[in-house]
Protein chains: 2
Amino acid sequence: MARKIALLQLNPTVGDLAGNVKRLETLLVLAADAGAVAAVATELAISGYPPRDLLLQDDFISACIEAAGTISTPIPLLVGSPVPRKPRQLPGNGALRIDYDGAVREVTRKQLLPTYEVFDEARYFSPDSRPGIVRGLGGLDLGVTICEDAWQHAGLVPSDYQTDPIEQLAAWTGQGVELVATVNLSSSPFHATKQSSRLTVARAAAQTLGHPFLLANQVGGNDDLLFDGHSLAALPGGEVVSAPGWVEGVLLVDLDDFSASVWITEESSSADAADFIAAGDEQIIESGVEGESAKAVDSVHDLLSAVTIGLRDYCHKSGLSKVVLGMSGGIDSAVAACLATRALGQDSVIGISMPSRHSSQHSKDDAEATAMALGIEYLELSIEELHEVAEKRLNTEVSEGPPMVGENIQARLRGLLVMGIANSRSAMAIATGNKSELAQGYCTLYGDMNGGYAPLGDLYKTQVYELARAINVDAESMGNPPPITESTITKPPSAELAPDQVDQDSLPPYATLDAILHALIEDMASPESIAAQGYDEDTVAWVEGKLNASEHKRWQMPPAPRVSERAFGQGWRQPLAAKR
Amino acid sequence: MARKIALLQLNPTVGDLAGNVKRLETLLVLAADAGAVAAVATELAISGYPPRDLLLQDDFISACIEAAGTISTPIPLLVGSPVPRKPRQLPGNGALRIDYDGAVREVTRKQLLPTYEVFDEARYFSPDSRPGIVRGLGGLDLGVTICEDAWQHAGLVPSDYQTDPIEQLAAWTGQGVELVATVNLSSSPFHATKQSSRLTVARAAAQTLGHPFLLANQVGGNDDLLFDGHSLAALPGGEVVSAPGWVEGVLLVDLDDFSASVWITEESSSADAADFIAAGDEQIIESGVEGESAKAVDSVHDLLSAVTIGLRDYCHKSGLSKVVLGMSGGIDSAVAACLATRALGQDSVIGISMPSRHSSQHSKDDAEATAMALGIEYLELSIEELHEVAEKRLNTEVSEGPPMVGENIQARLRGLLVMGIANSRSAMAIATGNKSELAQGYCTLYGDMNGGYAPLGDLYKTQVYELARAINVDAESMGNPPPITESTITKPPSAELAPDQVDQDSLPPYATLDAILHALIEDMASPESIAAQGYDEDTVAWVEGKLNASEHKRWQMPPAPRVSERAFGQGWRQPLAAKR
C-alpha cells in the first residue's frame, strides 16, 4: 500500500466547533479518495487559532474534545485541539488521534509555547516535556510536533527555549524507535518572509531526523491574524513539496515517490502536482497568491491576497455581508474599495463620497471612476451644510484654536455619515488608513479611523501604491478597465481638509517616511543607527517623536490584518501615558 | 545599631528614568533621616511598571542600568530594574544593589513570571532559577524575592509554577545560611480584595522562613494599571505592619521592635505609627483610602481613591493638564466630573452640556447643579441644529433604518463637539461610560465612547451609584453641598436619545444585570450555573449574547483604570470576528 499522508490545510473559524468539524470531514473525504492512509490537520483545528480567552473556560475545552469525538473519518487523523487542564495547571495545546471507531486519544501536547509578537501561548497553555510519537496511524509510526516545537531547532526563535523537541525525537530514533516521518501541526501566521523561514525549519528538521518532515498549516484569517497555508514537506536531502497559499485543500505527500505528491481542493476536479522545490533552491516561496503556485508570484500579489483574504474571512466569520467606506478620491480609499470588492463582491460594497468645500473636482471624479469601474453602490453625501453648522457651533474653537480643530470636524462629520449608513444597512464600516499615517497620527480619531476593520492598517503608504498598481495590472490582464485612475496614483496625496493642503506639508516624502518607520518599527533600530544610514537626523527624530506621541490613537484603532512582524496592537505595545 | 529597613513605596512613571531616580532619592533621604540602615524599593522602580515593549529595546535596558548608577543614596539600596539579556535570552526582571560608593551590582532576577490577567511577563523576561540573597546590606543578610516569587508559596496563583522561591530560601536557611529577613520588591496591582491576598502571602512566607518578610509595593497609576501601595511586613507569628494605600512614602520597619514601625511621607512633618495588625486578625485591609489607615475605611472609598488616582496619574504622567467631558445630567457624567475635579482640581475640568430635543429640563438642571457645585467651567452647546441637518442628510436612513441610527447620530454629534473643545483647548476628552453598558454594547462607538481615558470603564453601574453617594457624603462631611443632586441619583437612568426613553426599556434592572455580568465576567460562570442561582434563564442568555456581540466595541474602547480582576482589555480578550 502506498504510504501517502494527507496534510489538511484548513481554514477554521475560531469557536465554530461544528463548522470546523464539517470542514475537516470534507477534506478527509478528498484525502481518502486520493489514496491517503492517514491525515494530519492543523494546530488547534477543532477550536480554530487563536481561541484567546475562550481557553479560560473549561467547558469550552470539553466541547472541543466532544466535537473531536463527532468527526466521521474514513482514514485515521491527527488533529490539533485544546486538551483539558491537569490539576493546578493550564490546558494543553494538544494533538488528538481519531480512529475509524471514533475513539479520541490524546497523543501529545505542545512543548514550546511562543509568547512574543502575535503569540501569547504562555498565557493559555501548560507545556509538555516529552516528545510526541504516534504508532500505527494508517500503519505508520510518526513523530508528532506542534508548530513552534520545530522552530528552536532551526534557531528561528527570538530567544532560546530550554528544550529542542526535534533533538528529542532524533535521540529516540537513535535508540531504535523507527519513525517513517515526523509531522507538524501548525497555525503559523503570515508575514512577508515567513514561508522562507518555514522552508528552513522543515529542511533542518528533516535533515536532523533523517526522515521526511511534514507540516500542515492553517490558512485564512481569524480576527487580525492571517495564515497563508503553504503546507509543505521536506526530505532529509533538502527536497521540498509545497501547497499553494491562501486556499483550503489537501497536500497529499507520497513518502515513496515524493515528486508524485499532489494538491487537491474541493473545487478542482482533479489533483494538481504539488510545487516541487529542489534541494538548495532558495529563491522561491517567499510569496504565493490565492490558490496559485508559490513559485509563480511576487510579494505584492502575496500581500494583495493576504489583505483580501483577511477582510473576506473577517466579514464572513463575523456574519457580516456588507461593508461601507468613505471614498475621497485618494489612493487609500480607492485601494480599500478594490480590496472590499475582491473580498466580498460588488454587491456587498457601498462607497460614499462626502465632498466639502475643500474637495477638488478631480478627487470627486477619481472616486466616482473607481466606484463605477468596480460596479459598487456609490452615494454622494456632501458634508457642506453640516460643516457650516458645526463651524458655527464651535465658532471660537475653530477661529482661535489650531487648524486641526477645523480639519478634524470634517473628518468626524464624514465618520458620522459613514456610521449612519453602516447602522442603517447593517453593514460594517471599514477604515481606509494605512500604517504610515497611523504611525504618525496623521489621521482623525473618531473620524477617518472609524471602522470595524482597517484592511490597510498594517501596510505602509508605499505598499498601498504597489497594491494599486498590481490591482490595475490584474484588471487589465483580465480585459477589464483599471479601477484606479492614473491621477489617483500620480497626484500628490492630500487629506483635502484645508485649501491646497498636501500630505507633504506635514510629513516627509513617503519613500523617506516609510523607510524610517520600517527601521523604527520592524527593525527596532535606534534613531542614531537610522541617521547613520544616511537619513537626515532631524527628520528621524521628528518621525520618532510623532510615532511615540500617536500611540494614544493606536490604542483605539480597529483591528487590521497583520502582514508584518511588528504590527500595531498585540506585537507593538508601547506604554501609553508614560514619559519616554 | 537599630535594625530598621525602609520600604520605599514609590510612584514611578514608566520610562521617566531620571524622574524615577529623583523620587527614589527623595524617599531615601526620608528613610536615612529616620534611621534606616538599608532601603528596599519596588519592582522595576527604575523603569516603572509596566514598561511593556520598551523592554524589547536593549538600549532602554542599558539606560536603566546607567540611571541606577546615578542614584545618590545615604544608605544601601535594593532596587528593581530591568537587567540585560544573556545571549539568546530575554532580559531579566532584576534587583540591583546600590552602595554608598555608587557601585551597581545585580543581586537576583525574578523567578516566577506571571502571564495571566494584566501580566505578560513571559513575553518580556527570562526567569532566574536560583533564590536571591544579599549579604551585608546595611550590615544585614537578606533573602530577596520579586513580587510573584512569593505567591506560589501561598497557593495564590491561577496555575502552579515548577518552583517555589520561598521554599528554596527556607532550604538554604536550613543549611546554615543566616538571614535576618526576606524582602520582596513588588509592583502588585490593585483590585478590590488584593490586599487581603497580600497579607496571606506575607504571613505564609514569614511563617515558612521563620523570619520577617517585608514587601515594598508600587503605588499610583501607569497607563491602565493601578497600584495601591499598602507595603507591609509580617512576622512568623502573624503580626503585620502596613503602610497606607494610594500615597508615596516610606514604611520604616523596625526588626527589633516591630510595633515601633512608622510611616513617613514627604509632606508630613513627623512619622506616623504604621498600621499594626495582630496575628489572626483578618477583618481589615481589604481597603484603604488615599493616605489613610487601611483599617479605617470601606471598599467604596478604596474604589474612589483608585479611580481618582488612576485619572490623576494618567493625566499628569502624560503631561495633560485639562480634561473635557460631556455632562448629560445622568449619574455617570456627574460622577466622572466629580472624579476629574478631585483628581485634577476645578480649574482643570470643562463640563459640556449638549442638550437635544429629547433632553429633559431636569437633566439640564442636574448637570448644571453638579458643575456649579464643583466650580468647574461649564459650557452649553445645543446639538439641535446639527441634529436637524444630520437627520436631513441621512433622511432615508433615519426614517427607514432602525431607531439606533437616529440615536447614534446624537451621541456622535456630542462626541464631535467634545473633541472640538478638547482639540482647541489641548485637553483630553474623558469617556464617561461604565462597565455595565460597555459589556452590553449600550453605548455609541465614536460617540459617548470618545475619550482618551474612561475613568468608570471598569466599574459596574451599581458601583457608580455607590461612588455617587460616597462623594456626596464626603462633601457634606467637609461642610460642602453635595455635588450630585438627589434627582441625579434617584431618577430612572436614561440615555435621552428618544422620547421618554429609559435604560430599563433595553436592559434588565441594573442590580440584576450587574449580578449576572459579574458572574459571567469575573467568575467566568456558565449561564447554567447563573440561572441555577435564581436568575431568569432567558435574561441570562440575553445578557451573555449582548456581552459576546459587543466585543467589537470594546476592542476600540479607551483605556480604563483596572479595579477588577477581569477588566476588558488585557485580561478579557475574546476572539472578535469568530463565531461562538
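Structural remarks
Condition check ((1) buried (at least 23 other Cβ atoms within 10 Å of the Cβ); (2) under 15 Å from A:ARG414 (Cβ atoms)) across all residues:
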position: A:THR341; (1), (2): yes, no
position: A:SER348; (1), (2): no, no
position: A:GLY351; (1), (2): yes, yes
position: A:HIS358; (1), (2): no, yes
position: A:THR370; (1), (2): yes, no
position: A:GLU377; (1), (2): no, no
position: A:SER382; (1), (2): no, yes
position: A:LEU386; (1), (2): yes, yes
position: A:ASN395; (1), (2): no, no
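- Scoring B:LEU179 on the criteria (1) out of contact with any strand residue (DSSP E or B) (no Cβ under 8 Å at 6 or more places or on another chain); (2) more than 13 Å from B:ASP149 (Cβ to Cβ) leaves a single failure, condition (1).
- Search result, residues across segment B:47-100 that are in contact with a Pro (Cβ under 6 Å, 6 or more places away or on another chain) and either of a type in the set (D, E, K, R) or not assigned by TED's automatic domain parsing to the domain that holds B:GLY139 (or both): B:ARG52, B:ARG85, B:ASP99
- Selection count, segment B:249-273, where residues are closer than 16 Å to B:LEU140 by Cβ and outside any loop (DSSP other than H, G, I, E, B): 4
- Matching residues, segment B:164-182, being part of a loop (DSSP other than H, G, I, E, B) and either surrounded by 24 or more Cβ atoms within 10 Å (Cβ to Cβ) or at pLDDT below 95 (or both): B:GLN175, B:GLY176, B:VAL177, B:GLU178
- Restricting the first member to segment B:82-96 and to residues that are on the phi > 0 side of the Ramachandran plot, and the second to residues that are small (Gly, Ala, Ser) and not in a strand (DSSP E or B), the beta-carbon pairs closer than 7 Å and six or more apart or on different chains are B:ARG88/A:SER159.
- Checking segment B:88-108 against the condition returns a match, with at least one residue being part of a loop (DSSP other than H, G, I, E, B), more than 26 Å from B:PRO158 (Cα to Cα), within 13 Å of another protein chain (Cβ to nearest Cβ) and not β-branched (Val, Ile, Thr).
- Filtered residue count, segment B:4-55, keeping only those that are under 24 Å from B:VAL262 (Cα atoms) and not hydrophobic (A, V, I, L, M, F, W, C): 13
- Verdict on A:SER81 being away from chain B (no Cβ under 14 Å), touching a Ser or Thr at 6+ places or on another chain (Cβ under 7 Å) and within 30 Å of B:LEU156 (Cα to Cα): yes
- Checking segment A:538-558 against the condition returns a match, with at least one residue being in contact with a strand residue (DSSP E or B) (Cβ under 7 Å, 6 or more places away or on another chain), under 16 Å from A:GLY457 (Cα atoms) and not aliphatic (A, V, I, L, M).
- Verdict on B:LEU459 being in a loop (DSSP other than H, G, I, E, B), away from chain A (no Cβ under 14 Å), under 26 Å from B:ASN222 (Cα atoms) and among the aliphatic types (A, V, I, L, M): yes
- Yes/no for B:GLY545 being at pLDDT below 90 and either within 14 Å of chain A (Cβ to nearest Cβ) or under 24 Å from the mean Cα position of the chain (by Cα) (or both): no
- The lone exception for A:PRO561 - which of (1) surrounded by fewer than 17 Cβ atoms within 10 Å (Cβ to Cβ); (2) in contact with a Pro (Cβ under 9 Å, 6 or more places away or on another chain); (3) in contact (Cβ under 8 Å) with a residue 60 or more places away in the chain it fails: (1)
- Meets criteria (closer than 24 Å to B:THR13 by Cβ and more than 14 Å from chain A (Cβ to nearest Cβ)) for B:SER259: no
- Selection count where residues are closer than 19 Å to A:ASP149 by Cα and of a type outside the set (Phe, Trp, Tyr), scope segment A:30-50: 8
- Take the conditions (1) under 28 Å from A:SER360 (Cβ atoms); (2) under 28 Å from the mean Cα position of the chain (by Cα); (3) not polar (S, T, N, Q); A:PRO508 misses just one of them, which is (2).
- Looking across B:ALA36, B:ALA6, one residue alone is among the aliphatic types (A, V, I, L, M) and in a strand (DSSP E or B). It is B:ALA6.
- Of the criteria (1) in contact with a helix residue (DSSP H, G or I) (Cβ under 7 Å, 6 or more places away or on another chain); (2) modelled with pLDDT under 95, which one B:ILE98 fails: (2)
- Inter-residue pairs, beta-carbon under 9 Å, first free of Cβ contacts under 8 Å to residues at least 40 places away in the same chain and among the β-branched types (Val, Ile, Thr) and in segment A:514-541, second buried (at least 20 other Cβ atoms within 10 Å of the Cβ) and part of a loop (DSSP other than H, G, I, E, B), 6+ apart: A:ILE516/A:PRO508; A:THR539/A:PRO508
- Test for A:ASP99: is it without any contact (Cβ under 8 Å) to a residue 12 or more places away in the chain and not hydrophobic (A, V, I, L, M, F, W, C): no
- Selection within segment A:46-57 - at the interface with chain B (Cβ under 9 Å from one of its Cβ atoms) and assigned to a helix (DSSP H, G or I): A:ARG52, A:ASP53, A:LEU54, A:LEU56
- Scanning segment B:9-33 for residues that are surrounded by fewer than 23 Cβ atoms within 10 Å (Cβ to Cβ), of a type outside the set (A, V, I, L, M, F, W, C) and in a helix (DSSP H, G or I) yields B:GLY19, B:LYS22, B:ARG23, B:GLU25, B:THR26, B:ASP33.
- Among the residues listed as B:LEU185, B:LEU199, the single one being in a strand (DSSP E or B), buried (at least 23 other Cβ atoms within 10 Å of the Cβ) and not basic (Lys, Arg): B:LEU185
The values are calculated or read from the model by the stated rules, or taken from the named source; none is laboratory data. On a predicted model such as this, the values are computed, not experimentally measured, just so you know. Using ideal geometry, Cβ is built from the backbone for each residue, glycine included, and neighbour counts are taken over all protein chains shown.
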